[in-house]
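Bear in mind that the values in this text are calculations on the coordinates, not laboratory data. Fair warning: this is a prediction, and the values are worked out from it, not measured in the lab. We place every Cβ from the backbone using ideal geometry, glycine too, and count neighbours over all the protein chains shown.
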Amino acid sequence: MAPSATADETAVASDPAILQLRKLLTSETTPLAKRFRALFSLKHLASLSPPTSQTVPAIQAIAAAFSSPSALLKHELAYCLGQSRHDAAVPYLRAVLEDANEDAMCRHEAAEALGALGDVGSLELLRKLKDQTGLPDVITETCAIAVARIEWEHSKRSQEEQSHLKQSDFASIDPAPPLPSDDAISHLPIEDLQRTLLDTKLSLFERYRAMFTLRDLASPPDLPTALPAIEALASGFTDPSALFRHEIAFVFGQLSHPASIPALVTTLRNTNEVGMVRHEAAEALGSLGEEEGVDAILREFVDDEEQVVRESCVVALDMAEYERSGQEEYALMPEVGA
């Protein structure tokens with residue numbers, strides 16, 4: 001269980017906006033979709049750069065919801081903390097990762113978040129868990145990627161590559177950076193990237209680098225490389241690693257490209273697929289809510305046997321409604337902190 005927020009509890013209580021969002025986020029009687037909107041409002045405040053007086057209270061408000069029984073919500077909490085770029089999130093994430101009773105999907109997300117924060121202080125823990133026997137693959141694999149990302153971020157190699165990394169259209173801190181190239185389109189052919197993506201002899205970190213390079217070659221959607229990149233990414237759904245397949249679905253959610261719908265639908269409908277992959281496919285479809293037929297597909301699984309899939313479809317349907325509404329931000333109170 002993550003540590004409770006105490007140091008700045010007064011700051012939390014003195015900010016009505018954060019207090020309201022925190023109450024919504026931590027309430028088990030509040031509909032899950034509304035809790036997600038509250039979470040993304042808090043994520044916005046927690047990720048402001050430079051930090052404000054609301055940053056740490058927002059991080060604490062997010063962490064307070066780790067007491068929820070919903071693995072879907074808790075994994076999203078960890079993701080949002082990893083995107084905060086703030087060290088105040090580290091103790092909460094370490095606590096989740098170390099909790100042997102916590103859902104593997106949540107522990108994986110906590111490890112990935114520590115990697116996103118570039119937290120050198122977590123390397124010992126991440127290295128220990130990546131080599132620990134008996135842990136689910138999704139945890140050990142994520143710890144290995146997080147170690148590689150932190151080591152890369154603080155290496156000479158990172159400094160040398162920075163000027164050769166294509167500027168991404170996405171603001172997310174990814175588990176791995178794209179591959180370096182002076183001209184990503186002409187010097188990194190899709191076929192070569194796909195071979196790297198699917199080469200199980202390579203480390204997951206290097207394969208993730210190919211994955212995020214392909215993502216960036218698919219955005220904006222009218223790039224000549226977009227459709228071939230989408231097709232290359234979709235081939236990753238055959239990979240033996242559930243973690244890898246889940247990340248492919250996540251990338252498709254970022255891209256929101258209609259060409260990804262067939263692969264996402266196939267993944268969601270595959271009841272032999274693990275829940276964390278199907279859930280990510282459902283949420284990716286939610287980002288494509290403006291496309292015809294997406295709602296109907298998601299409604300097929302609102303009563304799925306797996307809780308994480310059911311809940312993801314509920315949230316995805318809310319996301320789809322947002323996509324059609326024309327709202328600027330998927331948040332409960334986008335004006336908070338303005």
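Take 279-290, 51-62, 90-101 and order them by the average number of nearby Cβ atoms within 10 Å per residue, most first; the result is 279-290, 51-62, 90-101.
Once both labels are positioned 7 Å from their Cα atoms along Cα-to-Cβ, the gap between Glu28 and Arg157 label points is 4.6 nm. Our summary gives the chain a relative contact order of 13 percent, counting only alpha carbon pairs under 8 angstrom and 6 or more residues apart.
Rounded to the nearest 20, the Cβ-based charge dipole of region 1-154 about its Cα centre (Lys and Arg +1, Asp and Glu -1) stands at 480 debye. Note on Leu204, Leu214: ascending count of other Cβ atoms within 10 Å places them as Leu204, Leu214, the fewest first. Among the listed options (1) -0.60, -1.11; (2) -0.45, -0.84; (3) -0.56, -0.93, the one matching log10 I(q)/I(0) by the Debye sum over Cα atoms at q = 0.09, 0.12 Å⁻¹ as calculated from these coordinates is (2). Selection among Pro262, Leu193, Leu24 by position relative to the dipole of the chain gives Leu24 as farthest towards the positive end (Cβ unit charges, Cα centre). Helical runs (DSSP H, four residues minimum) scored at -39500 (n - 2.57) apiece and divided by the length of the chain put the mean residue ellipticity at 222 nm at -18000 deg cm²/dmol. When +1 charges are put on Lys and Arg Cβ atoms and -1 charges on Asp and Glu Cβ atoms, the dipole computed for the chain relative to its Cα centre reaches about 620 debye.
Cross-link list Lys74/Lys166; Lys23/Lys128; Lys34/Lys74: which exceed 24 angstrom alpha carbon to alpha carbon? Each step should come with its number before you reach the end.
On the way: Lys74/Lys166 32 Å; Lys23/Lys128 36 Å; Lys34/Lys74 15 Å.
Beyond 24 Å between Cα atoms: Lys74/Lys166; Lys23/Lys128.
Across the options His75, Leu39, Leu125, the greatest Cα extent toward the positive end of the charge dipole of region 1-152 (unit charges at beta carbon of Lys, Arg, Asp, Glu) belongs to Leu39.
Volume of the convex hull of region 1-159 (Cα atoms only), normalised per residue: 105 Å³. Per-residue extension of 0.36 nm, minus the Cα-Cα distance of Val120 and Glu292, leaves a gain of 57.4 nm for this segment.
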